[in-house]
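Here's the structure, in structure tokens; my notes come after.
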Amino acid sequence: MLDNKSILVTGGTGSFGRAFVRTVLERYPGVRRLVIYSRDELKQYEMSQEFSPQDYPSLRYFIGDIRDQDRLRRAFEGIDIVVHAAALKQVPAAEYNPFECIKTNVLGAQNVIESCLDTNVTDVVALSTDKAAAPINLYGATKLCSDKLFTAANNIRGSRDLRLSVVRYGNVIGSRGSVVPFFLAQRENGVIPITDPTMTRFNISLEEGVQMVLWALENAHGGEIFVPKIPSYRITDVAEAIAPECELKMIGIRPGEKIHEEMITTSDSLNTIDIGRYYAILPTTEDHLVEDFLTKSDGKRVEPGFSYNSGTNPDFLTVEQLREQVRKHVDPTHEV
């Protein structure tokens, strides 16, 4: 699928970007060019120690910000596929710095789209978040705006051979700034801070997220928001899995946090298709997409009023399963 293609990853030095680059280099040795586009020269230098252009001649490291459309347009020259992973993602930081979050997550998304329209990019997948469904914080609201921009951009592609879609998934276990590395660091203090004892979240590994993006690149028609079927976890079970000997200290939820996360709301149910491993939220203006998915994927419509919520999800990880996830994806030396 990616052999002889040129690919650019915005935010390519992040947790997802590194995992995506590793997978592409392993699976698609015939990739023509793989561009890591990000604004942090230190992270690019550190990443180049693992993925050297000398060892991987297809690799390129571009310094640039998605807020800079001129730089994006230049970077997109000769690119076939764009994976858009750049974003400001920390909920408290976004609440405190709303203008900066909007500039990157909304205006940056628009810059990516317009640069795709101005060049010969054919396939775009943008990464979203569960916080974009019925958002109550600014980060989620900006990602909902971004999702809408990418799906609606298919309406203005004209005769271009261009498809833009979105993948929306939950918390990535072990990603930078996520709860598992935080709890691992905190257990040395003997106290684990818990925001709310009933809190739940969706869980996905980096590898599963990468696989989903690759699947979307191969199967998207354009305009869809793809949602994976993944398990949930209870925050107290994560603490038990990582630090069973520690005291749990209830500190209350942070600004902009939910007790449970959603990825599909009841309002989305009217245009959501169950396609097996994933759900597809389809544009309400594109009736043919519904028929295409029902026919080609052996899919079926979800029931009206259906929602996909981390608290009511029937699939929950046990404490032991969480320990295995920590050992596999975060800390192989974890012996608890």
How high is the FRET efficiency from ARG157 to SER52, r the C-beta distance, R0 51 Å, rounded to 0.05? 0.90
Residues of segment 187-336: accessible area per residue with a 1.4 Å probe, Å²: 48 Å²
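Give the longest segment of the chain that steers clear of GluC sites (Glu not before Pro) in DSSP loops with at most 13 neighbouring Cβ atoms within 10 Å, not counting the sites themselves. Could the numbers behind the result be given before it?
Working: sites that count: GLU77, GLU245, GLU335.
In short, 78-244.
Dividing the Cα convex hull volume of the chain by residue count, how many Å³ per residue is that? Display every interim value, and only then the final one.
On the way: hull volume 46.3 nm³, N = 336.
With only Cα atoms used, the chain gives 138 Å³ per residue.
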Roll a 1.4 angstrom probe over the protein heavy atoms and tell me the percent of accessible area of segment 193-290 that is carbon or sulfur. 50 percent
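Segment 183-336: percent of C-alpha pairs farther apart than 17 Å? Before the final figure, lay out each step's value.
Values: 8020 of 11781 pairs.
That fraction is 68 percent.
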Gyration tensor over alpha-carbon atoms, segment 230-312, equivalent ellipsoid semi-axes in Å: 36, 15, 8
Once both labels are modelled 7 Å past Cα along the beta-carbon direction, what's the GLN110-ARG301 spacing in nm? 3.5 nm
Please count, across the chain, the pairs of lysine residues with Cα atoms under 21 Å apart that sit 8 or more places apart or on different chains. 20
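The values are calculated or read from the model by the stated rules, or taken from the named source; none is laboratory data. From a predicted model like this one, the values you see are computed outputs, not experimental measurements. We place every Cβ from the backbone using ideal geometry, glycine too, and count neighbours over all the protein chains shown. Heads up: the accessible areas ignore ligands, DNA and RNA and are worked out on the full protein's heavy atoms, side chains in. Shrake-Rupley method; radii C 1.70, N 1.55, O 1.52, S 1.80 Å.
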